[in-house]
Structure formats: structure tokens, C-alpha cells
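Take a look at the structure below.
Please treat every number below as a calculation from the coordinates, not as lab data. From a predicted model like this one, the values you see are computed outputs, not experimental measurements. Note that we place each Cβ from the backbone using ideal geometry, even for glycine, and neighbour counts take in every protein chain shown.
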Amino acid sequence: MRARLLAAAAAATLVSACSTTSNVTLLPDEGKTTSGAVAVLDAKSGAEVGQLSTANTQARVGGKKLRAKAYKNGFWADLLGRIPYGPRTYVLYFTEGTATLDAGSQPVLDALRKEVKDTSEVQITGHTDTVGSDDSNDRLSYERAVEIRAELVKQGLPVAAAKVTGRGERELLVQTADGVSEQANRRVEVILR
């Protein structure tokens, strides 16, 4: 009797392994309820049997006809919640020749404070315009980046280990001749991942 049960269980396992099906699911675009589209092809002929073009739908792969069906909103929420967000860049501007934040950049700093998480990877890069020597601009750009990190740490944010670099006048946002004061170049870029 036991041998028959084992044989039946083994046969059932083999049959179920042979009859596995695949599904294709179309998820919404990030932060949206819409999506692109995906073509579903016949496995044997390679011919298109249909398209999924509505977010939150899925279809069985195989067969000659595509039957799309909706799944419950939130079904993939746990999975989607684990996908890391793309890098976000915050740009802060400075008073000429100083590491003093321009008043117009305060709202950007406030927005940055709200977005930094314990798990955030943070890169802070300082830049200058072309006024001053290369050495002084390298120092100033680094000081600007350090100043932003210190401000975030002072607010209790976990960025003490953030990568901080100064690029001086090497990566101008607005190309200028040497010795030109340009506010768009006096900046710190903070990238969150």
C-alpha cells in the first residue's frame, strides 16, 4: 500500500511539473496608473497572439489567443515596494566666493531633508564658477559639499558617511571664460539613491 502511495505521489509530481504554465503581467509605470505595452508571442511559431496594454493585467502564455485578465489592485504592492527608487538630484546654490547657501536654495534643502532615509546612499559634490585659482576653487567646492553634509547631520539625518567631493571649476553647468562669476556654476549637487 505504501509503495502505491509513493508511486502515485511521484506520478502526480511528474505530471504537475510537465503542465506548468507561464503568465505575463503588465505592471503600471513608476508612480502612475498607466503603462506601456507588452506583446505576447506564440512559443512555437513566434507569431504575436496579442498585447497587454492596460496596467495591472496578466495573461497566460501559450495558446493561440490572448485572454487578459485584471488582478486586484495592490496585488504586487509588496514587490513594488521593494524596488529601489531611481537616483534623485538636488541642486543648491551659493554666494560667490563662500560656502554660504543662497537663500533661494533653502526650499531645496528642506525638500532634501524630507527625502533622506536611513537606507539612502548619498553623494554630495561641490562646484564653483571660474573666479579664482584652480586650487582655491577646489578647496571652496569641497568646503561647500562638506557644509551641506554638516547641515544635514545637524538636522539628525544619517549622512555622516556620505561621499563628499569637490570638483572646483571642472564641471561647469554654464560654460564661461576664466574669471567669470556665474551663479549656476556655484552649486552643490546631492544625489540620493
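Pulled fully out, how much extra length does the chain show between SER181 and ARG113, if you take 0.36 nm times their separation in residues and subtract their Cα-Cα distance? Intermediate values should be presented prior to the final figure.
Numbers: separation 68, 0.36 × 68 = 24.48 nm, distance 2.88 nm.
Working it through step by step, the gained length comes to 21.6 nm.
For a Förster distance of 45 Å, can you work out the FRET efficiency between the beta-carbons of ALA161 and THR34, rounded to the nearest 0.05?
On the way: r = 38 Å, r/R0 = 0.85.
Computed FRET efficiency for ALA161 and THR34: 0.70.
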Treating only Lys and Arg (+1) and Asp and Glu (-1) as charged, each at its beta carbon, one finds that the range 21-81 has a dipole about its Cα centre, in Debye to the nearest 20, of 360
Of the listed pairs LYS32/LYS114; LYS32/LYS154; LYS32/LYS69; LYS69/LYS114; LYS32/LYS72; LYS44/LYS72, those with alpha carbons more than 28 Å apart are LYS32/LYS154; LYS69/LYS114; LYS44/LYS72
In the chain, taking the dipole from +1 charges on Lys and Arg beta carbons and -1 charges on Asp and Glu beta carbons about the Cα centre, the listed residue (VAL190, LEU52, ALA111) farthest towards the positive end is LEU52
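Between Rg and the Kirkwood Rh of the chain, both from Cα atoms, what is the Rg to Rh ratio?
Details: Rg = 27.7 Å, Rh = 21.5 Å.
On the Cα set of the chain, Rg over Rh gives 1.29.
Would you list the membrane-span-like helices of the chain, meaning whole DSSP H runs whose alpha-carbon atoms span at least 20 Å along their axis and whose mean Kyte-Doolittle value is at least -0.5? Walk me through the numbers on the way to the answer.
Working: long enough: 2-18 (24 Å, 1.29); 134-154 (30 Å, -0.99).
The answer, listed by residue number, is 2-18.
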Shape call for the range 21-81, from the Cα gyration tensor axes a ≥ b ≥ c (a/c under 1.5 means rounded, otherwise prolate when a/b beats b/c, else oblate), comes out prolate
Here the FRET efficiency for ASN73 versus LYS44, based on Cβ atoms and R0 = 45 Å and rounded to 0.05, is 0.85
